[in-house]
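The values are calculated or read from the model by the stated rules, or taken from the named source; none is laboratory data. On a predicted model such as this, the values are computed, not experimentally measured, just so you know. Glycine also receives a Cβ, built like all others from the backbone with ideal geometry; neighbour counts cover every protein chain displayed. The protein model used for the area step is the full one, side chains on, heavy atoms only, and it has no ligands, DNA or RNA in it. Shrake-Rupley method; radii C 1.70, N 1.55, O 1.52, S 1.80 Å.
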Amino acid sequence: MALSLIRSGGNQLEKLSLSVTAMGGMVEQQLSDAITAFEKRDLSLADQVIDIDRQVDEREAAIEALVQEILEGRRLAGRDLRQVMTALKISNELERIGDLAKNVSKRTKVVSQEDAASSVGTVVRMGRIALRQVTDVLNSIMEKNPEGAIAVWGGDGELDELYNSIFREILTVMMRDPTLVNACTHIVFVAKNFERIGDHATNVAECVFYDQTGEQLKTVRPKRDVTSVTSVPKEMAKPE
């Protein structure tokens, strides 16, 4: 694209939209690879996920710079202003998803050296649900579809409930076999990362809905993650 075209208002907004879409695709692939690396104990792929995170950060920085350029170059109102502001918020949410995918891969490098716990398969399922949420919300961006965004926003409960189940399951495993405590601890963190990715996907969905309608979602999304108030069994709480 010629520089003169990029500088024009309409083409700047188009470039911003394409930049967010490209960043979304990169993060989506990063998350998919992180899940595969965790499932297959693929350390080479885990390293790739970790390394690609720098490029994701650079994408976010480029979007921030473009937003600043747009805001400095023209007065925006209405739909155009919403598009710019939501693009900035979405890029931040995508960067956080990338960070969490990177963290999954870092945990994978530890878990791969330990005996596999029975919960790994359930955590992989949780990761795939989180990936589906991310894919669906990215589709809602490209399709300018507020209804699709609402579907993502309302579907996060499945991840929360699965995380609750995994948390209880892993506590049971650790009680039965103390040699698995280290691996299980990292697996819990992996599951939590997937749960947090779902939260960020719903945040993106809120941005998409606002961008397309000019209205905020008025209903408070209920959180079903109850692990913060789940009691640790006394057997595990006792000092050795």
- Message: Any residue that is within 12 Å of the chain's Cα centre (by Cα), farther than 23 Å from residue 58 by Cα, buried (at least 16 other Cβ atoms within 10 Å of the Cβ) and modelled with pLDDT of 95 or more - is there at least one of those in region 119-127?
- Response: yes
- Flagged in region 101-118 as more than 24 Å from residue 199 (Cα to Cα) and either surrounded by fewer than 17 Cβ atoms within 10 Å (Cβ to Cβ) or of a type outside the set (A, V, I, L, M) (or both), in numbering order, are 109, 110, 112, 113, 114, 115, 116, 118
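Yes/no matrix, rows are residues, columns are (1) open to solvent by 20 Å² or more (accessible area, probe 1.4 Å); (2) among the basic types (Lys, Arg):
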position: 45; (1), (2): yes, no
position: 49; (1), (2): no, no
position: 52; (1), (2): yes, no
position: 56; (1), (2): no, no
position: 59; (1), (2): yes, yes
position: 67; (1), (2): no, no
position: 84; (1), (2): no, no
position: 92; (1), (2): yes, no
- Out of 223, 192, 238, which single residue is at pLDDT 85 or above and basic (Lys, Arg)? 192
